[in-house]
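Written out below as C-alpha cells is the structure these notes cover.
The values are calculated or read from the model by the stated rules, or taken from the named source; none is laboratory data. Because the structure is predicted, anything quoted here is derived from the model rather than measured. Here Cβ is always computed from backbone atoms with ideal geometry, including for glycine, and neighbour counts include all displayed protein chains.
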Amino acid sequence: MINTSFLGKIAISVLQDYSERLIDLTIVLPNKRAKVFLIEALKNQANQTIICPNIISVEDFVQQIAFVRSVDSVELLFEFYEVYLSITDKQNQQPFELFANWAKMLLQDFNEIDRYLLDPSHVLSYLKDIEDIKRWGIEVEDKTKLIEKYIDFWKLLPIYYDALYQYLLNKGIGYQGLIYREAVNNLNHFSDTNSGKLFVFAGFNALNAAEEKIVQHLLALDQAKIYWDADQTFLNDLYHDSGLFLRRFKESWKHYKTNPFEWIVNDFSQSKNISVIGTPKTIGQAKLAGSIIENIIKDDPVTALDKVAVVLGEENLLLPVLYSLPDAVGALNITMGFSGKNNPSQILIAKLFRMHSNAISRNNAAYVLYYKDVLEILTHPLIQPYAKTSQLVKIIKENNYTFISHSKLNELNLNPSGLFDLLFQKWDSGALAVLENISALLLLIKENFSNDNEEEKIAKTFLFSVFKVINQLISYYSKYRHIDDIQTLHAIYKQVVDVAEVSFEGEPLKGLQIMGVLESRVLDFDTVIITSMNEGKFPAGKSQNSFIPYDVKKELGLPTFKEKDAIYTYHFYHLLQRAKNIYLIYNTENDGLDAGERSRFITQLEVEKQPNHNLTFDIYNPVLPATAYEPMVILKSEAIMDRLREIALLGFSPSALTSYIRNPIDFYFQKILKIREVEEVEENIALNTLGTIIHEVLKALYEPFVGKIISETDLLNCFKLLDDEVLKQFKLVYKEGEIKKGRNLLAFEVAKRNVSNFLKMELEEVRNGDTIKIIALEKTFERFLEHPDLPLPVLIKGNVDRIELRNGKIRIVDYKTGKVEKTNVILKSWKGLTQEIKNDKIIQVLAYAFMFEKEAVDLPIEAGIVSFKNLKSGFMPFGFKEDKDLSTTISNDILASYLEEIVLLLTEIFDPNISFEEKIK
C-alpha cells in the first residue's frame, strides 16, 4: 500500500468497513477541494454501484453543528462597522476607512479567541492591563487626549466583542471563530439528534481547540473515526515540527489510551529524486517551472501532467507561471486564493477611481480629466482592444491635451460606444450611481470575453471577483448609506478589496494542477514543483498581524509563529511524502523585494538526508548570448538603394548627414524607413519644443524687416511686441498644453528672457554702428552637389534660420537654444571631418554656406552660430585654423575642401557594399 494515495486508502477503508452504512456516513475533510479526489478514489475502488457517503469540509461540518451561516470577510467588516456605530458616541465615531485599518486585525484576534474557546473578557482585559502598565508612570495631568483615547480603545475591546457576537448571532451569521464556539455549545444537541450517524475525519494535522473538542466528543460517543496521515519519520522524531501536532494528540487524547493511532505510514523514506534548484528573481522561478513542465511533457506527452502539481509558495507568482507554461499544456486547473490587490481587473477600477477623483477634486467648476489618467484607462488591456480609442489616444498626444474637459473628451472621440460612455460618465450623482456604473461596466467588459481559451477564462475569474466586491458595496450602501462622497467610497473600496480574494475553481482530476500551499492538503502527486523556497516565503516568517502580544498568546495557548511554522512544515513534508520526483525552486538573490535566504526546509532535507533519497543541488541560469548585444547590421538591398536615390533627388539635409555620422542605423530608421518617434503628451515643455518656440518668435519679430536695414526704433518696437508674440507661439506650438502653471510657466519666462537678451545684443550692435540688412528668415535653400565620385547629383537642402548682410559681409546664422562654445565651430584639419559627431555644427553651417554661395555673388560669406545659453560670446563664426591664422571668411578653397569631405561621406552612404552598421554607444 506504499504507493497508494492517502485518499485512496480512505476509499478502501470506507468500502471495506462501512459498506453497509454508507448512507449514514459523513466523511469530513480539511478542505472542499479534496472531496472531488475522494469521490474519484471511491469510484476507482468500487466494483459495483454504491451510494456515495456525504463528503464535507470541516468548516461546512462545523456550520451544520452550529446552525450559523458563515459570512465572508468583506460582509463581516461592514457588519462590524454597524455594531461600532451603534455603540460609539457620535463625536468619537471614525469614518469607515479609518475604522477598517484596525478592525481587520481585531476581527482576526476575535476569530482566534473563539476558535481556541478562550474567555474573551479575560483575554481582552489582559490587553487593556498591559497598556495601562506601559503608561504607569504618566501623571494624570500629563495624559494627553491622544493617550486617553488610546487607553479608552483597549477598554472598549470587550464591549466591541460582546456587541458584535450578539449582533451576528441574532442574524444567524458569523465569522469562523463564532461558528466554532457555537458549534461546541451545540455539540450535545447535535450528537443526540445524529445518534445513528457515523463521522469519519480524514487527513487532519493541526486542530484548534474547538475542532479538538468536537472530534473528541464524537469519538467518545463512538460516533466517529479519525484517520491521520502520519509518517513515522516525523512522528518518532521528537524535534521534527512536521509531527508536532500529531505527537500532541497521540499523547494527550483520552481516546488513544485504549485505541490505536491510525494511520502511521512509512512513505517519506522511500526512493525519491529531489532537485533543489536556485535561480535569480521571481521571473526566473516562473521560467524554470515552465521549463521543468516542458521536459515532463516531452517524456510522456499524453498523461504526464495528470499527477503533476505546481505549488506556489507566494501567490504573486501565479501570473508569471501561467505565462511561462509551454503551449503543450492542455488541461489546466488553478486552485488557490489570489489577492484582490494584484487582480488586473481591480487595477482597472483603481485607475478609474483615480481619474474621476482627480476630476472631482479640481477647484474649477468644469469636470476636467488629467491626460495621464485618461490614457491609462484607454490603454488598459481590458479596454484598449474593445473601446476602439486608438485615434483618440493619438489626438490627445499630438495636441498636448494635459487637462481635458469632459465635453471636449466626448467631442474628440470619433468612435462612440457604450463602453466609452460608462468609462467617462461623470461621477457627480453620488456613490450609489458610481457603484452601479462600475457594475454595468464590468458586465459590459465580460461580454467581450469568450470561453475558448484559458487566458480569457482566467481574466473572467478576475473580473467576477471585483464584480462581487462592487455588488457587496452596492448592497451595503443601499442599506446603510455611510459612504458620503467619492473620495470616501474610493478609500472604502481599497480597504474592502484588500480582504477580497480571487478564488479559482476548475476540473481538478485532469491535467496540470497549480495551487497554493493550503490547497495541497490531503492530496498526493507523483511530481511536485514547489516555488519560493526562501525564508520568509516558505515558511512564511514571523509576521505579527495581531493586537495580542506573543507572550500572551503563549500563555493562553493561542497559536504563535512556532505553531504556524509547524503547520507549514507538515504541509511541505506531506507534499514530499508520496511524491517520486520533487523540484524545489528558490531565489538565489539576497537583495530586492522578493529576496531571502534559502529555506530552512532545504537545509533540513540536506542534514537529515534519507538513504533512499537522491538529493541534487543546482543553479539555473537563463541561456545568455556570448555578447550582451550584437550591433544591428542592415545590408543595402535594391529597395534601399532606390530609396537613397529618391532622397538624393528630394534633398539631403545637414541634419540627415550628421544623423548618419552619429549612428548609421538611426539614419536608416529615420530616412530610409521614415520611422518617426512616438508622439507623447508633453506635460512639461521639452527642450526641442522650447527651441521651436524661440525660433518662431524671432521669425515673427524680424519678418517685417526682411529686405530692410534694421533701425534702433525697429528693435525697440520688438520689445513691446515680445510678450504677446511669445504667448502666441506657445499656443501654436504647444497646442492645448497648460502654459501658465508650474515648470511650463518657467519655460515661458525662459523663452521671453532668451529672446529679450538677443534683442538687447542686437540693439547694442546697431547703436555701435553695425549695419544689418535681413535677407532671409527661416527659409529653405537647396543646391545640387555634383562630383565624379558620386553616382548621381545629390541635392543638399536645408532650412536656414537667418541670413543677413552685415557691414558688407554675408552672415549666415544658425540659432541654438543649447550651449555651444566657440571651439565647437573651429576646425584645425579637414581630415576626418565627417568621422566624428563633434564636428556636426561645422558640417551644418558650411552646408548653408554652400547652398547660398551663388546668391551671395562676390560678397564675402561667414557662417556661424548664436547660442542662447552663451549669448555673451555673440555670433560665433566658423573658423579654419591653419598656421596660427584663423580665417572666418568662407573662401572658395574652404568650400572645396569641405565638399571633398562631404563627397567621401556621401560615397560611403551610396556604396551598396557598405552596410548600415549600428554604433554601440
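Structure above, values below:
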| read-out | value |
| --- | --- |
| Which listed residue is over 28 Å from GLY651 (Cβ atoms), basic (Lys, Arg) and in contact (Cβ under 8 Å) with a residue 40 or more places away in the chain, from ARG783, ARG767, ARG802, ARG811 | ARG767 |
| Those residues of the range 813-838 which are assigned to a strand (DSSP E or B) and aromatic (Phe, Trp, Tyr), in sequence order | TYR815 |
| So LEU575, is it assigned to a helix (DSSP H, G or I), over 17 Å from GLY313 (Cα atoms) and either in contact with a strand residue (DSSP E or B) (Cβ under 8 Å, 6 or more places away or on another chain) or modelled with pLDDT of 90 or more (or both) | no |
| Options ILE395, ILE377: the member that is outside the structural domain of LEU319 (by TED's automatic domain parsing), hydrophobic (A, V, I, L, M, F, W, C), touching a residue at least 24 places away in the same chain (Cβ under 8 Å) and not in a loop (DSSP other than H, G, I, E, B) | ILE377 |
| Residue satisfying all of: in the range 292-314; without any contact (Cβ under 8 Å) to a residue 24 or more places away in the chain and not hydrophobic (A, V, I, L, M, F, W, C); nearest to PHE617 (Cα to Cα) among these | ASN295 |
| Given (1) surrounded by 18 or more Cβ atoms within 10 Å (Cβ to Cβ); (2) within 30 Å of ARG783 (Cβ to Cβ); (3) modelled with pLDDT of 90 or more, index of the condition ILE693 fails | (3) |
| Output for the range 866-899, where each listed residue is within 30 Å of ILE640 (Cα to Cα) and loosely packed, with under 14 Cβ neighbours inside 10 Å | ALA896 |
| Residue match in the range 844-852 (condition: assigned to a strand (DSSP E or B) and closer than 23 Å to THR692 by Cα) | no |
| Every residue from the range 108-134 that is crowded, with 20+ Cβ neighbours inside 10 Å and among the basic types (Lys, Arg) | ARG115 |
| Those residues of the range 300-330 which are assigned to a loop (DSSP other than H, G, I, E, B) and surrounded by 15 or more Cβ atoms within 10 Å (Cβ to Cβ), in sequence order | GLY313, GLU314, LEU325, VAL329 |
| Selection count where residues are farther than 25 Å from GLY278 by Cβ and surrounded by 11 or more Cβ atoms within 10 Å (Cβ to Cβ), scope the range 609-630 | 0 |
| Selection from the range 239-254 of residues that are surrounded by 15 or more Cβ atoms within 10 Å (Cβ to Cβ) and either outside any loop (DSSP other than H, G, I, E, B) or polar (S, T, N, Q) (or both) | ASP241, SER242, GLY243, LEU244, PHE245, LEU246, ARG247, PHE249, LYS250 |
| Pairs, first over 11 Å from ILE293 (Cβ atoms) in the range 318-334, second of a type in the set (Asp, Glu), C-beta under 7 Å, six or more apart | ASN333/GLU507 |
| Number of positions in the range 600-643 that are hydroxyl-bearing (Ser, Thr, Tyr) and either assigned to a strand (DSSP E or B) or at pLDDT 90 or above (or both) | 3 |
| The range 352-385, subset surrounded by fewer than 16 Cβ atoms within 10 Å (Cβ to Cβ) and at pLDDT 85 or above, residue farthest from the chain's Cα centre (by Cα) | LYS372 |
| Hits in the range 183-215 (condition: farther than 18 Å from ALA230 by Cα and touching a strand residue (DSSP E or B) at 6+ places or on another chain (Cβ under 7 Å)) | LYS197, LEU198, PHE199 |
| Scan of the range 421-442 for residues that are modelled with pLDDT of 85 or more and either within 24 Å of the chain's Cα centre (by Cα) or of a type in the set (D, E, K, R) (or both), ordered by number | ASP421, LEU423, PHE424, LYS426, GLU436, ILE438, SER439, LEU441, LEU442 |
| Any hit, the range 424-444, residues being in contact with a strand residue (DSSP E or B) (Cβ under 7 Å, 6 or more places away or on another chain) and either within 28 Å of THR488 (Cβ to Cβ) or surrounded by fewer than 15 Cβ atoms within 10 Å (Cβ to Cβ) (or both) | no |
| Among the candidates SER271, SER275, residue that is modelled with pLDDT of 90 or more, within 24 Å of ASP618 (Cα to Cα) and under 39 Å from the mean Cα position of the chain (by Cα) | SER275 |
| Hey, ASP801 among the acidic types (Asp, Glu) and under 21 Å from SER659 (Cα atoms) or not | yes |
| Hey, TYR493 within 28 Å of SER73 (Cβ to Cβ) and in a helix (DSSP H, G or I) or not | yes |
| Count of residues meeting criterion [without any contact (Cβ under 8 Å) to a residue 24 or more places away in the chain and either under 23 Å from SER242 (Cβ atoms) or in the same structural domain as TYR116 (by TED's automatic domain parsing) (or both)] in the range 206-226 | 1 |
| First in the range 187-205 and in contact (Cβ under 8 Å) with a residue 60 or more places away in the chain, second anywhere and in a helix (DSSP H, G or I) and of a type in the set (A, V, I, L, M), Cβ under 6 Å, 6 or more apart | PHE190/ILE65; PHE199/LEU218; PHE201/VAL215; ALA202/ILE10 |
| Residue ID - surrounded by the most Cβ atoms within 10 Å (Cβ to Cβ), chosen from residues in the range 508-564 that are part of a loop (DSSP other than H, G, I, E, B) and of a type in the set (Gly, Ala, Ser) | SER532 |
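Quick grid of which residues meet (1) farther than 26 Å from VAL184 by Cβ; (2) at pLDDT 90 or above; (3) aromatic (Phe, Trp, Tyr); (4) in a helix (DSSP H, G or I):
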site	(1), (2), (3), (4)
ASN31	no, no, no, no
LEU38	yes, yes, no, yes
ILE50	yes, no, no, no
VAL62	no, yes, no, yes
